[in-house]
Amino acid sequence: MTARDPIGDAIGELDREITPRRDLWPGIAGRLDTASPASRRSPHVSGWWLAAAAVLVLTLWPRLHVDAPPSPTGGPELTRLDAAYADVRAGLVALVEDRCERLPTTACVPLLDGLAVLDRTVSGLSTALAHLPPDAPQRPALVASYEQTLALARDLSGRVAQL
């Protein structure tokens with residue numbers, strides 16, 4: 001004698017396919033045709049150098065970490081870069097918040113992810129520069145990476161403003 005399985009019986013009675021009440025493709029195709037080229041572009045295409053900067057920071061970090069106490073300010077160069085990023089970021093956050101009120105969530109997620117990547121990159125660069133002696137040979141490369149990150153943030157602001 002075998003035991004009956006009511007759940008298995010109920011699952012066996014379910015339809016194997018679900019057919020929509022109407023054809024969904026015209027609506028999908030219409031939304032694809034009206035999407036702007038910027039929204040269809042992969043966020044990874046223009047940020048390749050950002051990944052390179054992150055790799056540079058991670059690669060140089062063990063060599064940058066010295067036993068000397070960190071500089072309290074990181075020097076005037078770091079102060080200038082941090083202030084510039086704070087200004088650019090404030091404008092970018094305002095733009096993203098404004099656009100996210102009008103755009104679908106799926107369009108906002110890449111913008112917020114990009115902002116988070118910028119923040120992590122700047123944090124790593126700022127920390128590395130703050131712990132680096134002023135005459136360290138790695139300093140120019142890190143400053144250049146920070147300036148490139150600022151340029152990317154400005155470019156992203158311009159692109160978000162066009163949405």
ask   = Of (1) surrounded by fewer than 11 Cβ atoms within 10 Å (Cβ to Cβ); (2) at pLDDT below 75; (3) part of a helix (DSSP H, G or I); (4) over 22 Å from the mean Cα position of the chain (by Cα), Gly27 satisfies all except one. Which?
value = (2)
note = Going through region 121-161 in order, the residues found to be under 18 Å from the mean Cα position of the chain (by Cα), within 21 Å of Ala90 (Cβ to Cβ) and polar (S, T, N, Q) are Thr121, Ser123, Ser126, Gln148, Thr149, Ser157
task = Kindly provide the set of residues from region 98-138 that are touching a residue at least 12 places away in the same chain (Cβ under 8 Å) and farther than 27 Å from Gly158 by Cβ, ordered by number.
result = Ala128, Ala130, His131, Leu132, Pro133, Pro134, Ala136, Gln138
inquiry  = Looking at the structure I just gave you, is Leu56 open to solvent by 30 Å² or more (accessible area, probe 1.4 Å), over 14 Å from Ala151 (Cα atoms), under 20 Å from the mean Cα position of the chain (by Cα) and at pLDDT 75 or above?
reply    = no
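The values are calculated or read from the model by the stated rules, or taken from the named source; none is laboratory data. Being a predicted model, the structure only gives us computed values, none of them experimental. Note: ideal-geometry Cβ built from the backbone for every residue, glycine included; neighbour counts use all protein chains shown. Calculation scope for accessible area: heavy atoms of the full protein, side chains included, ligands and nucleic acids excluded. Shrake-Rupley method; radii C 1.70, N 1.55, O 1.52, S 1.80 Å.
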